[in-house]
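Everything on this sheet refers to the single structure shown next.
The values are calculated or read from the model by the stated rules, or taken from the named source; none is laboratory data. Keep in mind that what you see is a predicted model, and the values were worked out from it rather than measured. Every residue, glycine as well, gets a Cβ built from its backbone with ideal geometry; the counts of neighbours run over all protein chains shown. Side chains are part of the model used for accessible areas, which takes the heavy atoms of the whole protein and leaves out ligands, DNA and RNA. Shrake-Rupley method; radii C 1.70, N 1.55, O 1.52, S 1.80 Å.
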Amino acid sequence: MAENPSGDLRLVQLSKEFDTFTAVHPLDLTIPQGEFFALLGPSGCGKTTTLRMVAGLEEPTSGAIYIGDTDISEIKAFKRNVNTVFQNYALFPHMRILDNVAFGLKRRGDKNAMAKAQEALELVELGHTAKKKPNQLSGGMQQRVALARAIVNRPDVLLLDEPLGALDLKLRRQMQIELKRIQADVGITFIHVTHDQEEAMTMADSVAVMNAGRLEQVGSPAELYDRPASTFVANFLGQSNLLTSRITGDAGEGLSSADCHGYPILVATENIPDGVSDVFVGVRPEKFRLGRHGRNQLKGTVTDDSFTGVATQYLVRLPWGFEVTVIQPNDGSPRAKVGENVDISWEPGSEFILDASQDEDAGMLDTGLRHG
Amino acid sequence: MKWIKKHLLLFAALAVLGYLLLPNVVVAVFSFNSPRGRYNYEWNEFSAAAWLDPCGNPGICEALGLSLRIGLTASVVATILGTLVAFALGRHRFRGRSATNLLIFMPMATPEVVMGSSLLTLFVMAGMPSGSLNITIAHIVFCVSFVVVAVKARVSSLDPRLEEAAADLGANPLQTFLRVTLPLAAPGIAAGALLAFSLSFDDYIITNFNASPSSITFPMYVWGAAQRGTPVEIFVVGTVMFLVALSIVVIGQILSSRRERKA
């Protein structure tokens, strides 16, 4: 609550080991108060386990969880001022909607529980369903009830475990906007667990990307997209073209020259990781342009095109056989045909550069399609 | 012809229903008979005498009372024990869980004659004189299995996340159990309790092994009476039992359908 600041949520060397595997390796993470924070990663990456440890539903193997200066890791779930919106809502089927929402307030003996619950239902625009039972509501409505049931308690931190996973695409978009609005209204720290990178990017102020029980990178959506710290993040968030290259020397004006399969290209020196010369030069598909518009130019052959209305997506085969994805906005410029020889170009500095000693396919969903 | 074809399912259903209900109808009709001899097997003339004085036959209401007492005690104790066992088996993974699962089914699988005689042996060895206490203990033994089966089916279909949600919303373990787990498991527990009661009320073989002359249950009374004649009062009690069971089912149906419509 704004008038009674509870402080940031801090995870310190938090880990969880199960009998047969380590779900979460010791991780450190600070989530500023009032932020909409997303924990993003593929299924099994440890994001839900991390969330459950914060909720108190899973006991950490080691480490501590702080809200402000208070260590809550030893406090039982039912005494924590943290509430969760569960993946499949977990509404109590034998209670009316209003009783579901009032459940938390009544446990702490709030005398105005019913009135506050009704108010929370109005907030999610479901005031008229108060007397119904959960199974009489649609999935999207149940979702909003689950949200109201958690928010009404004014927790220090609200945890959302894949809350939109069971909804269809259209409803999901609607709920994303709705969640943003409600978070802005109530000002509670939201931690949103999801495997949907688009959802994380559109909703969150900051995103933490997790993989195999470890944090890969934490930052704003734009930072993660434009400056991914690993091939995993580069591939998991949006599409990436990773060009295997070697840094060859300084080219002045903050640029360095590099050799990409025998072709000279320029990169921004500040993007080069320290002490590395074998690199992946990563270029997002929309940074490429068809034609000779940028200072870096390569030749290729169009092998596939798909028109999506807003843009056209091409697959272009480079001279050494590697295929890159190029997205051309539908801005009136001439479109290329399959089989046509084209120039592709991009500006130095629009790239990101990663150490080539890592797996270039990490985090890719369609593995095995592109190798070069 | 077409009409018959169209309603074939209805005919079949009515035939099955009639087949199932016919014995009850006969019992109800003959409870208004005034038999010529001691056996109430042939229709003689209408009489409501038995209905006006159902306890008229010596011992019948004592037997009925004993059966109800044993049935209630056995079903209450078996329901409590069985519910606890069902929660343990349905919720927790522990050493000997599958062995327990198997042992719980043993009383259901054991022939009643075997169980009755072995329980008698046990009671004799323990120096416990036959009587209603031994009968109650025996009934609890076989009722527990049925309660466990009924409740476990319900418990294992419960979503454990509901309990997590309750804890997350600030309910301590006791509140979680009373407000979330128990209400959700209630239909299974109620089904188990009703099943236990009817099994206990109905049992003859195991009861007969462990009874004493002063502990005659209703089924034993009926069996004993049938040796010398069939008093009409038995038909009255039978009819009443059937009507009570029927009205419990009907009331339950009405309540649940009304709740659904209201919600």
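On the phi < 0 side of the Ramachandran plot, open to solvent by less than 20 Å² (accessible area, probe 1.4 Å) and without any contact (Cβ under 8 Å) to a residue 40 or more places away in the chain, is that true of A:VAL316?
When the stated conditions are applied, A:VAL316 passes them.
Would you be able to say whether some residue in the stretch A:168-186 is at positive phi and either basic (Lys, Arg) or assigned by TED's automatic domain parsing to the domain that holds A:SER43 (or both)?
no
In this structure, does A:GLN136 turn out to be open to solvent by 20 Å² or more (accessible area, probe 1.4 Å), at pLDDT 90 or above and not basic (Lys, Arg)?
When the stated conditions are applied, A:GLN136 passes them.
Inspect all residues belonging to the stretch B:129-141 and state whether any of them is in a helix (DSSP H, G or I) and either of a type in the set (Phe, Trp, Tyr) or within 14 Å of another protein chain (Cβ to nearest Cβ) (or both).
no
Check off (1) more than 30 Å from A:ASP19 (Cβ to Cβ); (2) within 10 Å of another protein chain (Cβ to nearest Cβ); (3) under 28 Å from the mean Cα position of the chain (by Cα) for A:LEU123 and give me the number that stays unchecked.
Checking A:LEU123 against (1) more than 30 Å from A:ASP19 (Cβ to Cβ); (2) within 10 Å of another protein chain (Cβ to nearest Cβ); (3) under 28 Å from the mean Cα position of the chain (by Cα), the one that fails is (2).
Hey, any hits in the stretch A:243-251 for a residue that's closer than 17 Å to A:ARG284 by Cα, assigned to a helix (DSSP H, G or I) and modelled with pLDDT of 90 or more?
no
What are the pairs with Cβ atoms under 8 angstrom where one residue, in the stretch A:132-158, is farther than 18 Å from A:GLN183 by Cα and the other, located anywhere, is of a type in the set (D, E, K, R) and open to solvent by 40 Å² or more (accessible area, probe 1.4 Å)? Sequence gap at least six, or different chains.
Note: pairs meeting the criteria are A:LYS132/A:ARG96; A:LYS133/A:ARG96.
I'm checking my understanding of the structure. Among residues of the stretch A:73-92 that are of a type outside the set (S, T, N, Q) and facing another protein chain (nearest Cβ under 7 Å), which one is nearest to B:SER256 (Cα to Cα)?
The extreme case among them is A:PHE92.
Assuming A:THR50 fulfils every condition listed in (1) open to solvent by 10 Å² or more (accessible area, probe 1.4 Å); (2) in contact with a strand residue (DSSP E or B) (Cβ under 8 Å, 6 or more places away or on another chain); (3) among the hydroxyl-bearing types (Ser, Thr, Tyr) apart from one, which condition is it?
(1)
In the stretch A:265-308, which residue that is farther than 19 Å from A:PRO329 by Cα and of a type in the set (D, E, K, R) is least open to solvent (accessible area, probe 1.4 Å)?
Applying the filter and picking the extreme gives A:ASP278.
Do you know which residues across the stretch A:220-234 are open to solvent by 30 Å² or more (accessible area, probe 1.4 Å) and of a type outside the set (Ser, Thr, Tyr)?
A:ALA222, A:GLU223, A:ASP226, A:ARG227, A:ALA229
Select the helices (runs of 4 or more DSSP H) contained entirely in the stretch B:144-240, then report the ones holding at least 3 residues which are open to solvent by less than 10 Å² (accessible area, probe 1.4 Å).
B:160-168, B:182-202, B:205-210
Output yes when any residue across the stretch B:95-118 is assigned by TED's automatic domain parsing to the domain that holds B:LEU66, of a type in the set (D, E, K, R) and open to solvent by less than 70 Å² (accessible area, probe 1.4 Å), and no when none is.
Checked against the condition, which is being assigned by TED's automatic domain parsing to the domain that holds B:LEU66, of a type in the set (D, E, K, R) and open to solvent by less than 70 Å² (accessible area, probe 1.4 Å), the stretch B:95-118 yields at least one hit.
When you scan the stretch B:28-74, how many residues do you find that are surrounded by fewer than 18 Cβ atoms within 10 Å (Cβ to Cβ) and of a type in the set (A, V, I, L, M)?
Selection size over the stretch B:28-74: 7.
Do you know which residues across the stretch B:162-187 are within 7 Å of another protein chain (Cβ to nearest Cβ), under 33 Å from the mean Cα position of the chain (by Cα) and not hydrophobic (A, V, I, L, M, F, W, C)?
Residues satisfying the conditions are B:GLN175, B:PRO183.
Evaluate the stretch A:155-167: report whether one residue or more is surrounded by fewer than 18 Cβ atoms within 10 Å (Cβ to Cβ) and either closer than 23 Å to A:ARG108 by Cβ or within 20 Å of the chain's Cα centre (by Cα) (or both).
yes
Determine the pairs where a residue that is over 15 Å from B:ILE135 (Cα atoms), located within the stretch B:99-124, has a partner that is exposed (fewer than 13 other Cβ atoms within 10 Å of the Cβ) and among the acidic types (Asp, Glu) with Cβ atoms under 9 Å apart, the partner being 6 or more residues away or on another chain.
none
So, in the stretch A:53-94, exactly how many residues are charged (D, E, K, R) and surrounded by 16 or more Cβ atoms within 10 Å (Cβ to Cβ)?
Matching residues across the stretch A:53-94 total 2.
Out of (1) open to solvent by 10 Å² or more (accessible area, probe 1.4 Å); (2) within 17 Å of the chain's Cα centre (by Cα); (3) closer than 30 Å to A:ARG181 by Cβ, the odd one out for A:CYS45 is which?
The one condition A:CYS45 does not meet is (1).
Determine whether B:ILE135 is open to solvent by less than 10 Å² (accessible area, probe 1.4 Å), in the same structural domain as B:LEU72 (by TED's automatic domain parsing) and closer than 29 Å to B:PHE87 by Cβ.
Taking the combined requirement at face value, the residue satisfies it.
Which of the residues that make up the stretch B:36-46 are at pLDDT 85 or above and touching a helix residue (DSSP H, G or I) at 6+ places or on another chain (Cβ under 8 Å)?
B:TRP43
A:LEU147 fails exactly one of the following numbered conditions: (1) open to solvent by 10 Å² or more (accessible area, probe 1.4 Å); (2) outside any strand (DSSP E or B); (3) touching a helix residue (DSSP H, G or I) at 6+ places or on another chain (Cβ under 9 Å). What is the number of that condition?
Among (1) open to solvent by 10 Å² or more (accessible area, probe 1.4 Å); (2) outside any strand (DSSP E or B); (3) touching a helix residue (DSSP H, G or I) at 6+ places or on another chain (Cβ under 9 Å), A:LEU147 violates only (1).
Could you look through the stretch A:106-115, keep only residues that are touching a helix residue (DSSP H, G or I) at 6+ places or on another chain (Cβ under 6 Å) and open to solvent by 10 Å² or more (accessible area, probe 1.4 Å), and pick out the one that is nearest to the other protein chains (Cβ to nearest Cβ)?
It comes out as A:LYS106.
Quick check on my filter: what residues within the stretch A:93-108 are farther than 14 Å from A:VAL152 by Cα and either polar (S, T, N, Q) or out of contact with any Pro (no Cβ under 7 Å at 6 or more places or on another chain) (or both)?
Result: A:MET95, A:ARG96.
Each row is one residue, and each column tells you yes or no for (1) assigned by TED's automatic domain parsing to the domain that holds A:SER15; (2) touching a His at 6+ places or on another chain (Cβ under 8 Å); (3) of a type in the set (Lys, Arg); (4) open to solvent by 20 Å² or more (accessible area, probe 1.4 Å).
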residue	(1), (2), (3), (4)
A:ASP205	yes, no, no, yes
A:VAL218	yes, no, no, yes
A:PHE236	no, no, no, no
A:GLY254	no, no, no, yes
